[in-house]
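Colleague: Questions regarding the structure given below will be posed in turn.
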Amino acid sequence: MTFHSTTGRIARCPSQYLYPTMRLFWEFTVRSFQRHLTYRAAAVAGLVTNFFFGILRVSVLLAILGEQESIEGYGRAELFTYMALTQAIITYLSLFGWYDLMNAVHSGEIATDLLKPMGFVSFWLARDVGRAAVALLLRGVVIMALYSLFFDMVHPTSVAQVTAVAVSLILALLISFGFRFLLNLSAFWSPNARGIGRFGFTISWFFSGFLMPLAFFPAWVQQIAYLTPFPYALNVIVEIYTGQLTGPALWQTLCIQLLWGLLLFTLAHVTLRTAVKRLVILGG
Amino acid sequence: MWHTLLLYRRLMSVQMRSQMQYRTAFVLETLSTAVIVAVEFGSVALVLNRFGGIQGWTLAEVAFLYGMSETAFGFMDMIFAGFDPPVFGQHVRRGTFDQLLLRPVNITAQVMGSEFTLRRLGKIALGVAIFAFAVQANQIIWTPLKLAYLPIVMFSLFLFFGGLFIIGATITFWTVDSIEVMNILTYGSSFTIDYPMTIYPDWIRRFFTFVVPVIFLSYYPALYFLDRPELAEAPPFAPFLSPVVGIGLLLALRFWHFGIRRYQSTGT
C-alpha cells in the first residue's frame, strides 16, 4: 500500500522508513499541520487580545501577592511566568473548547472517518498533533517571546530542564487529547452535547490550575485536584518550567503524566467501541 | 413604534419556544452557564478567603463588584445576543443580513429578536446569588438615595455592555469576520470590573476610564455603596456618572445606523 502526496513532500519525510500505520499517522499530522498553518493572520490578531487578558489576570495575582516576597514558591517573576505560560498554552491544549469530533458526529461526517484504514482514535490524535504543533509555533512560542520582552520571568536554566519541559508538554497534549476526545464522545449519546462539553472544559480550568495557580488554593482543594488528570496537563508544566519541581519529584510527575495519558487514551478506545454501536447515520 | 414592539415580542416568544423544545438539553445548557460563573467565582473566593482579601478589599466587597458585573453582563448577553459580534458576523458573512434589510420592519428590532439566549438565565441566577451574598455580608448602610440609585447603576451597566455589543456587531460590516480584539472591550471590561480598579497598572485604569469608561459603572458606585475609604480621594461626582455613561448606548446606536447606511453586502 502506498500513499501519494500531492505536495511531493513524501520523499523527504521520515515516514517512508516507518511502518504503514505510523506513516499514515505522520501523513495525517502533516496535512493537519498545513491546514492550520493557513490561519497565520488570526494568530497575529489574537496576540493583542491574549496579551491584554494576560495582564488583567496577572494583576489579580500580583495584588494577592501584595507586599509579600512570595506565596508557596510564587514570587513576582514566577507569577509573570505562570501567566505567560498559561496564556501561551491555551490554543495548544484547546483549553477554551474543542468540538470537532462532536461536530463530525452530528453532521454524519464521522461515517467516512470510521472507514479510514486507520484506528479512529489514532486518526484524530494525528490531526490533533498537527493542530497543536501549529498552535505551539504560531502562538505558544510567539507569546512566550513577547511576554519575555516586557516582564521579568523565570526560564529553564539547563538542557535537562528544557528537555523535561518538552517531554511534559508532549505528555500534557496526550492527556488533554484523551480528555477532549472522551468529552466529545458524549455526542453519541446526546444530540445536544455542547452543554456537557462546556461543563467539562469549565471544570478542567479549575482543576488544571488555569484559573489560579493550584498552590494558591487551600490544601484540601489541591489534594482533590491532584487526584484528577487536569493538573498534569497544565499546572505541572509551570512548576517544571519555573524549577519548582526537580529531582525525584520531577521524575515522579512525568511518570504520572504518562500514566494518565495512556489511561485516557485507552479509555477513549474502550468508550468509542461502545459508542459506535449506538451510532445511527441519518441521510447521506 | 407600537408595531415594532409587538413584532419584537413575537420574535422573542418564538425564540423561547424553540429553545424549550428540547427540555433536557435546555436545562443542561442553562446549568453550564451557571457552572462557569460558579467555578470562576469559586476559585477567586477560595483564594481570597485563604489570603484574607485583595488590596484591602474583603471577599464580600469583591463579591459586590463581581455579582454586579456578572448579573448585568448576563442580562445583556441574553437580550442583546443578536448583536453578539461572532453571531452577527455570520449574518454578514452568509448574506442573511441582506434578507433582514429587505423586510419592511425596523432592522434593530429584527436583529435583537433574531437571538434570545434563554440559557443565560443560569449565569444571571448565579450573578444575583453572588450579589445577594455581598449585600448581606457587607452590612451596607442603606439610605433612600442608595436604594434608588442601585437599579439605575445596574441598568446603566446593562445598557453599556449592550452598546459595546452593538459597536462590535457594526464593525463586522467592514471586517466581515468578528475581530478578536473586540473581546478586549466586551469580556475585557466585564473581567476588569470584577475586581477593585486599583489593582491594575495605570494605563489599564486610564483605558477603562477614558476610552471605555466602565469604571464609572461599577468601581466608583461600589465605593459609594460600600462606603469605602477610597471614596474620599475620588472626585465627588464620580460615583454618580453611571446614567450618563449608559447613554453612551445611544452613540452606539448612531454608529450602528451609520454602519447600515454604509453597508455593502458580501454578495453571498
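Colleague: Exactly one of (1) among the hydroxyl-bearing types (Ser, Thr, Tyr); (2) in a helix (DSSP H, G or I); (3) modelled with pLDDT of 95 or more is unmet by A:Thr202. Its number?
Modeller: Unmet for A:Thr202, out of (1) among the hydroxyl-bearing types (Ser, Thr, Tyr); (2) in a helix (DSSP H, G or I); (3) modelled with pLDDT of 95 or more: (3).
Colleague: Does any residue in segment B:210-222 that is touching a residue at least 24 places away in the same chain (Cβ under 8 Å) and buried (at least 24 other Cβ atoms within 10 Å of the Cβ) come within less than 8 Å, Cβ to Cβ, of a residue that is of a type in the set (Gly, Ala, Ser) and part of a helix (DSSP H, G or I) six or more places away or on a different chain, and which pairs are these?
Modeller: Here the result reads B:Val214/B:Ser189; B:Phe216/B:Ala238; B:Phe216/B:Ser242; B:Leu217/B:Ser156; B:Leu217/B:Ser242; B:Leu217/B:Gly246; B:Ser218/B:Ser69; B:Pro221/B:Ser242, each pair linking segment B:210-222 to a residue that is of a type in the set (Gly, Ala, Ser) and part of a helix (DSSP H, G or I).
Conditions (1) within 14 Å of chain A (Cβ to nearest Cβ); (2) over 17 Å from B:Ile166 (Cβ atoms); (3) under 23 Å from the mean Cα position of the chain (by Cα); (4) crowded, with 21+ Cβ neighbours inside 10 Å, marked per residue:
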| position | (1), (2), (3), (4) |
| --- | --- |
| B:Val39 | yes, yes, yes, no |
| B:Leu46 | yes, yes, no, no |
| B:Gly67 | no, yes, yes, yes |
| B:Gln90 | no, no, yes, no |
| B:Gln110 | no, no, yes, no |
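Colleague: Further question: I need the full set of residues from segment B:129-150 which are surrounded by fewer than 17 Cβ atoms within 10 Å (Cβ to Cβ) and either farther than 18 Å from B:Leu223 by Cβ or in contact with a strand residue (DSSP E or B) (Cβ under 9 Å, 6 or more places away or on another chain) (or both), in order please.
Modeller: Scanning segment B:129-150 gives B:Ala132, B:Gln136, B:Pro144.
Colleague: May I pose another question? Only one residue in A:Val162, A:Val142 is modelled with pLDDT under 95 and at negative phi, so which one is that? Please lay out each step first, then the result.
Modeller: Values: A:Val162 fails: modelled with pLDDT under 95.
A:Val142 is the lone residue from the list that is modelled with pLDDT under 95 and at negative phi.
Rundown of residues vs (1) closer than 25 Å to B:Lys123 by Cα; (2) more than 14 Å from every other protein chain (Cβ to nearest Cβ); (3) crowded, with 19+ Cβ neighbours inside 10 Å; (4) of a type in the set (A, V, I, L, M), yes/no style:
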site	(1), (2), (3), (4)
A:Arg198	yes, no, yes, no
A:Thr202	yes, no, yes, no
A:Thr228	no, no, no, no
A:Leu262	no, yes, no, yes
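Colleague: Here's another thing I want to ask about it. Quick test for you: out of B:Gly188, B:Gly163, B:Gly168, pick the one residue that is within 21 Å of B:Tyr66 (Cβ to Cβ) and either surrounded by 16 or more Cβ atoms within 10 Å (Cβ to Cβ) or within 10 Å of chain A (Cβ to nearest Cβ) (or both). Please lay out each step first, then the result.
Modeller: Numbers: B:Gly163 fails: within 21 Å of B:Tyr66 (Cβ to Cβ); B:Gly168 fails: within 21 Å of B:Tyr66 (Cβ to Cβ).
After ruling out the rest, the residue left standing is B:Gly188.
Colleague: Here is a further query. Of the residues that make up segment A:182-195, is at least one on the phi > 0 side of the Ramachandran plot and part of a helix (DSSP H, G or I)?
Modeller: Within segment A:182-195, none of the residues are on the phi > 0 side of the Ramachandran plot and part of a helix (DSSP H, G or I).
Colleague: Follow-up. Based on this model, can you work out whether B:Tyr200 counts as under 19 Å from B:Pro86 (Cα atoms), of a type in the set (Phe, Trp, Tyr) and at the interface with chain A (Cβ under 10 Å from one of its Cβ atoms)?
Modeller: Values: under 19 Å from B:Pro86 (Cα atoms): no; of a type in the set (Phe, Trp, Tyr): yes; at the interface with chain A (Cβ under 10 Å from one of its Cβ atoms): yes.
Considered against the rule, which asks whether it is under 19 Å from B:Pro86 (Cα atoms), of a type in the set (Phe, Trp, Tyr) and at the interface with chain A (Cβ under 10 Å from one of its Cβ atoms), B:Tyr200 comes out as no.
Colleague: In segment A:51-60, which residues are facing chain B (nearest Cβ under 9 Å) and either of a type in the set (Gly, Ala, Ser) or closer than 14 Å to A:Tyr147 by Cβ (or both)?
Modeller: Let us first name the residues in segment A:51-60 that are facing chain B (nearest Cβ under 9 Å), namely A:52-53, A:55-57, A:59-60.
Result: A:Phe52, A:Phe53, A:Ile55, A:Leu56, A:Arg57, A:Ser59.
Colleague: Additional query: Restricting to segment B:192-209, count the residues that are without any contact (Cβ under 8 Å) to a residue 24 or more places away in the chain and under 26 Å from B:Ser43 (Cβ atoms). Break it down stepwise before answering.
Modeller: Residues of segment B:192-209 without any contact (Cβ under 8 Å) to a residue 24 or more places away in the chain: B:192, B:197, B:200-209.
Adding the requirement that they be under 26 Å from B:Ser43 (Cβ atoms) leaves B:192, B:197, B:200-201, B:204-205, B:207-208.
Qualifying residue count, segment B:192-209: 8.
Colleague: Restricting the search to segment A:40-89, which residues are more than 21 Å from B:Arg205 (Cβ to Cβ), without any contact (Cβ under 8 Å) to a residue 60 or more places away in the chain and assigned to a loop (DSSP other than H, G, I, E, B)?
Modeller: A:Gln68, A:Glu69, A:Ser70, A:Gly75
Colleague: Separate question: Which one is surrounded by the fewest Cβ atoms within 10 Å (Cβ to Cβ) among residues in segment A:61-78 that are more than 13 Å from chain B (Cβ to nearest Cβ) and at negative phi? Steps first, answer last, please.
Modeller: First, pick out the residues of segment A:61-78 that are more than 13 Å from chain B (Cβ to nearest Cβ): A:69, A:73, A:75-78.
Going one step further and asking which of them are at negative phi, we end up with A:69, A:75-78.
Numbers: A:Glu69: 7, A:Gly75: 16, A:Arg76: 17, A:Ala77: 15, A:Glu78: 25.
Selected residue: A:Glu69.
The values are calculated or read from the model by the stated rules, or taken from the named source; none is laboratory data. Everything numeric in this text was worked out from a predicted model, so none of it was measured. Neighbour counts run over all protein chains shown; Cβ positions are idealised from the backbone, glycine included.
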